[in-house]
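Encoded as structure tokens, the structure appears first; notes follow it.
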Amino acid sequence: MRLLKRGKDISVSIENITPFGIWLFVKGKEYFLSYKEFPCFKDQTVKSIQNVQLLHEYHLYWHDLDIDLEIDNLENPEKYPLKKEYPN
């Protein structure tokens, strides 16, 4: 009898995609990425959202969407405003 190889450790996964945002599970913690705060994920395909990698234990990368986020962006969003203010 051959033993199957153990699966690799899953340190990042998409738990749910809702009309309001994405539930992301990273290294034992759950995060909600609302489309209001992260509009780059809105109207994307399920396949492209699910294609996420955790690099260097702190860097999230969505290859199909060319989106990079650090876990610190999710834990301390006030440090990383996504909105630009334009002069009148």
Study note, to complete from the structure: Once phi for every residue in the range 52-59 is put through the Karplus expression 6.51 cos²θ - 1.76 cosθ + 1.60 (θ = phi - 60°), the whole-Hz ³J(HN,Hα) values, with Gly and Pro written as x, are 10, 10, 9, 10, 6, 6, 9, 10
**Study point:** Reachable aspartates and glutamates, given that their alpha-carbon falls under 17 Å from the alpha-carbon of Lys79 and they are not under 8 places away in the same chain
**Key:** Glu37, Asp68, Glu70
Check your understanding: When Lys and Arg each count +1 and Asp and Glu each count -1, what net charge do the other residues less than 11 Å away from Lys79, Cβ to Cβ, add up to?
Key -> -4
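Taken together, the values in this text are just the output of simple stated rules run on the coordinates, not laboratory data. All figures in this text were calculated on a predicted structure; none of them were measured in a lab. Because the Cβ atoms are built from the backbone with ideal geometry, glycine has one as well, and the counts that use them run over all protein chains shown.
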